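First the structure, in the form of C-alpha cells, and then the observations on it.
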Amino acid sequence: MPPDNIQQYKSTTGFPLVYDSRHINPHALVFDNTGRPANYNPANNRHTIVMDVRFSDGYLAACHMGIIARHKGSYSVAGDNRGGAVIAGNWGYSPGSVALEEIEITNTKDNGDSHHRPSAQYPRGAIGEAKLEELRWYRLVIESISKNGSIGHAVRATDKSTGQTVFSLPTFWSDYSANYDSRDAGKVVLFSISDPNKPAAGFVYTRLISYWSDADEVIANP
C-alpha cells in the first residue's frame, strides 16, 4: 500500500494525493486498496497498519493526527468517521501524546465530534501522556481485530532510532463493537486536525503498510 517514499503533510494544504489514494477533504486521505485477501472473514481477522512519521514546527503541541482502521471511506453524516484510530499530538491534554480513539463510535448527539465526550476518556480516547518529540522518527502501529462478534484494538509507538517502544496499549475490546461497519472493506484513512494559527506545523511520513491475518495471528515486528 503506497506510499513508500517520503510524503509531507502541511497544515495549510493538507495531504498530497499519492497513488491509489483519494481525499474526503484535504486533511483526510483514504486508501481503498489495502491488500485485503480474497478469503477475508469479517468475523475473524486482524488488520495491522503501520506508518513511520516525523513531526515538526509545533505540530505535536497544537495539532493531532491519526491512522483510522475500519472506516467507511466517506463522510456525509455523523457516524461515517467511526473507526478505531491510533492518534498522536495534542487534543487538549498533553503535547506529544499517543492514544487509541474510537472515533464517532456512539449514536449520541455528540457523534459528529471527532473527540466526543463518550470516547474522550481512557482508553478509547485516552487523556494522553507526552511520549513523542518533534524531529524524531516514530513508527505508529494499530492492530484492529474482529473476533467472535467483538472489535478490539491495540496501538503502540516505537522510536525508530533507539528501537524503544514509547507507548503501548494492549488490546482493548470495544463497548461499541456492534457499531462498526462490517462492510468497511479494509479501508485505511489518514487524518489531521490542525491549528490554523500554526500554518507551518506538519509532519512527513513514509512506509504506510497494511498486513492482514487471522484474529489470533500477530504480525511480528511489522
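Descriptive notes on the structure:
- Residue check, Val50 within 24 Å of Glu104 (Cα to Cα), touching a residue at least 40 places away in the same chain (Cβ under 8 Å), in a strand (DSSP E or B) and touching a Gly at 6+ places or on another chain (Cβ under 8 Å): no
- Scanning the stretch 18-44 for residues that are of a type in the set (D, E, K, R) and assigned to a loop (DSSP other than H, G, I, E, B) yields Asp20, Asp32, Arg36.
- Residue check for Ala215: closer than 23 Å to Glu102 by Cβ, modelled with pLDDT of 95 or more, of a type outside the set (S, T, N, Q) and over 15 Å from the mean Cα position of the chain (by Cα): yes
- For the criterion of being assigned to a strand (DSSP E or B) and farther than 21 Å from Gly89 by Cβ, Ser146 passes.
- Top-ranked residue of the stretch 95-112 - restricted to ones that are out of contact with any Phe, Trp or Tyr (no Cβ under 7 Å at 6 or more places or on another chain) and buried (at least 16 other Cβ atoms within 10 Å of the Cβ), ranked as modelled with the lowest pLDDT: Asn111
- Residue within the stretch 65-73 that is at pLDDT 95 or above, among the β-branched types (Val, Ile, Thr) and more than 30 Å from Asn148 (Cα to Cα) present: no
- Scanning the stretch 8-30 for residues that are loosely packed, with under 15 Cβ neighbours inside 10 Å and among the basic types (Lys, Arg) returns a single hit, Arg22.
- When Asp195, Asp181 are screened for being charged (D, E, K, R), within 18 Å of the chain's Cα centre (by Cα), part of a loop (DSSP other than H, G, I, E, B) and surrounded by fewer than 21 Cβ atoms within 10 Å (Cβ to Cβ), only Asp181 passes.
- Scanning the stretch 63-87 for residues that are among the small types (Gly, Ala, Ser) and either without any contact (Cβ under 8 Å) to a residue 12 or more places away in the chain or over 15 Å from Asp181 (Cα atoms) (or both) turns up Gly66, Ser76.
- In the condition set (1) aliphatic (A, V, I, L, M); (2) touching a residue at least 24 places away in the same chain (Cβ under 8 Å); (3) outside any strand (DSSP E or B); (4) surrounded by fewer than 21 Cβ atoms within 10 Å (Cβ to Cβ), Leu60 is compliant with all but (4).
- Cross-chain or 6+ apart pairs with Cβ under 7 Å, the stretch 23-46 first and more than 26 Å from Ala215 (Cα to Cα), then at pLDDT below 90 and of a type outside the set (Lys, Arg): Ile24/Ser74; Ile24/Tyr75
The values are calculated or read from the model by the stated rules, or taken from the named source; none is laboratory data. Note that this is a predicted model, so its numbers are computed, not measured. Please note: Cβ atoms are built from the backbone with ideal geometry, for glycine as well, and neighbour counts cover all protein chains shown.
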